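Participant: Sharing a structure with you now.
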Amino acid sequence: MSEKSASPAPRPRKFIKRPDDSAMKAQVAQLRDEIKQLDAQTAELTAQINKLQIDQKVKDRQQELRKEIKSLISKQGTVKQQRNKINDEIKQIDTQIKKRIAEIQAQTSKNQFKNVAEIDARVNYLDSLVDAGNLKLADERRYVKEMSSLRKLRKDFGGIEKIQALIDADKEKIADLKQKLSQVQNKELNAQFDKVDAELKQIDQDNKGTLTKRNALYDKRGALKKEKDAKYDAIRKVRGEFDDEMKKFKAAMADEIKRREEEDKDRIAAEKQAKLKARAERELAEASTPAFTTEINSIHNLLSYFDPSYVKPAKKDPLGINGSFVTQTSVRTVEMPADVVVVKKEQEEFVPSSKSKKGKSKSKKNKNFTVDPDVITELSVLSIPFPTSEESVADTIKVLQETLTALEDKQEEQTKINVEKAKARIAELEAKGGDDDDEEEQEEDAAAEEA
């Protein structure tokens, strides 16, 4: 079995309590019951409102009067627009008259005459004086010169007469517009409006009690609606708060699951890493053991067995194998150097034939020659024939010594090869991230079961 690395102790799992929805459901149920009660009260108020009805004929008359008032208001607006238009025209003409009068005044202010008649009167008076012949020559000349100036002034006053004519025409227009304005009056419309409005107010007065009661009922029903809306808001709030708790719960659960997954991932990674490290150390340690150590020790033991005078070299046994034979439980394959030649001797029959006397004598002698079964097993593992007689022991010792020399000569080189193979295998495992660990465990478990 492979070594099991101690994984880090997982953090205790956090218990996350799921929000209890029983309190939320109880609150919602209570609020819904209260809403049902409000619905019942609303239905009762609606029934009372339906009973407080105004006569249909009165409603129709109200509708007619309201339409008539609307029409009168529209007509009053039209008349007002007409009067405003006429007044605007009168203002414009009056402004024009004032402007023309100012022009006349500007011209007449330069002399003492106001009009053509005054000029003509002065000219006739001076002309009569000149015709009488009683004037001095100087006065006559002065009067003649004055008359000439007055006649010239009279021509200038011709333009003033035209302006005056325009002023007179504008005054006539103003008179006509004022006459028209007197005809465009709202008196009749106002009187009709007052009459219709009075009738409508009377109807409203007659229905005032009913309307007051209906409005009071409408107000109560509106208050119930607001209260009902508040109940629905409360339900949404309770559910919202519970939903928020559920969101927090789900978020906490997701975090906990994520944390557990990360811990499991880290734990598995740590276990794989530790297992990989232990395996690498084990394989490297095994590879660092001098090659053929088991075989060499086995040969030493065999040489001591066949030659009691053989002294085993004083050398530390890396595998801790003592001088006694270890019974093998499985057949081992010995990695012998390629250039080692094992001298095999044809085995003779352990019990020779009794055809000749010589054979009989030898057979009697071999009957006293025995080999320990463990020795036979060790020789078999080393692929060396076991001796069948005292005479063949020397050959066996020779083969053992030759094999020992060959193995010792190749020991250092083979050890390096084993170490390099182990390092390459470790690098391969590290590159794979320890993915072969499970496969190795299965192989080792299977080997243990077969053993």
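The values are calculated or read from the model by the stated rules, or taken from the named source; none is laboratory data. Computed from a predicted model, the values in this text were never measured in an experiment. Glycine also receives a Cβ, built like all others from the backbone with ideal geometry; neighbour counts cover every protein chain displayed. Just so you know, the surface numbers come from the protein's heavy atoms only, side chains and all, with ligands and any DNA or RNA stripped out. Shrake-Rupley method; radii C 1.70, N 1.55, O 1.52, S 1.80 Å.
Participant: With respect to residue 160, is the statement that it is touching a helix residue (DSSP H, G or I) at 6+ places or on another chain (Cβ under 8 Å), open to solvent by less than 40 Å² (accessible area, probe 1.4 Å) and over 28 Å from residue 58 (Cα atoms) true?
Facilitator: Yes.
Participant: If I filter the stretch 92-103 for residues that are exposed (fewer than 12 other Cβ atoms within 10 Å of the Cβ), part of a helix (DSSP H, G or I), over 51 Å from the mean Cα position of the chain (by Cα) and among the β-branched types (Val, Ile, Thr), do I get at least one hit?
Facilitator: yes
Participant: Looking at the stretch 268-283, can you tell me whether even one residue there is touching a Lys or Arg at 6+ places or on another chain (Cβ under 7 Å) and either modelled with pLDDT under 85 or within 30 Å of residue 414 (Cα to Cα) (or both)?
Facilitator: yes
Participant: Would you check if residue 48 is more than 18 Å from residue 236 (Cβ to Cβ) and open to solvent by 70 Å² or more (accessible area, probe 1.4 Å)?
Facilitator: So residue 48 fits the description; yes.
Participant: Follow-up question, since we're still on this one. Output the qualifying pairs, or none if there are none: Cβ atoms under 6 angstrom, residues six or more apart or on different chains, first residue in the stretch 234-250 and in a helix (DSSP H, G or I), second residue open to solvent by 30 Å² or more (accessible area, probe 1.4 Å) and polar (S, T, N, Q).
Facilitator: Note: pairs meeting the criteria are 238/27.
Participant: Out of the stretch 170-181, which residues are open to solvent by 60 Å² or more (accessible area, probe 1.4 Å) and either free of Cβ contacts under 8 Å to residues at least 60 places away in the same chain or closer than 12 Å to residue 79 by Cβ (or both)?
Facilitator: Scanning the stretch 170-181 gives 172, 176, 179.
Participant: What's the number of the condition residue 235 fails, among (1) in contact with a Gly (Cβ under 9 Å, 6 or more places away or on another chain); (2) under 20 Å from residue 28 (Cβ atoms); (3) of a type outside the set (D, E, K, R)?
Facilitator: Unmet for residue 235, out of (1) in contact with a Gly (Cβ under 9 Å, 6 or more places away or on another chain); (2) under 20 Å from residue 28 (Cβ atoms); (3) of a type outside the set (D, E, K, R): (1).
Participant: Right, here's the next one. Given the conditions (1) in a helix (DSSP H, G or I); (2) touching a residue at least 24 places away in the same chain (Cβ under 8 Å); (3) farther than 30 Å from residue 105 by Cα; (4) open to solvent by 60 Å² or more (accessible area, probe 1.4 Å), which single one is not true for residue 185?
Facilitator: (1)
Participant: When both residues are 6+ apart or on different chains and their Cβ atoms are under 6 Å apart, which pairs have a first residue that lies in the stretch 275-286 and is more than 17 Å from residue 421 (Cβ to Cβ), and a second that is among the charged types (D, E, K, R) and open to solvent by less than 30 Å² (accessible area, probe 1.4 Å)?
Facilitator: That search, which allows pairs on different chains as well, returns 275/437.
Participant: Also: Assess whether residue 222 counts as being over 30 Å from residue 30 (Cα atoms) and either surrounded by 14 or more Cβ atoms within 10 Å (Cβ to Cβ) or not assigned by the TED database to the domain that holds residue 117 (or both).
Facilitator: no
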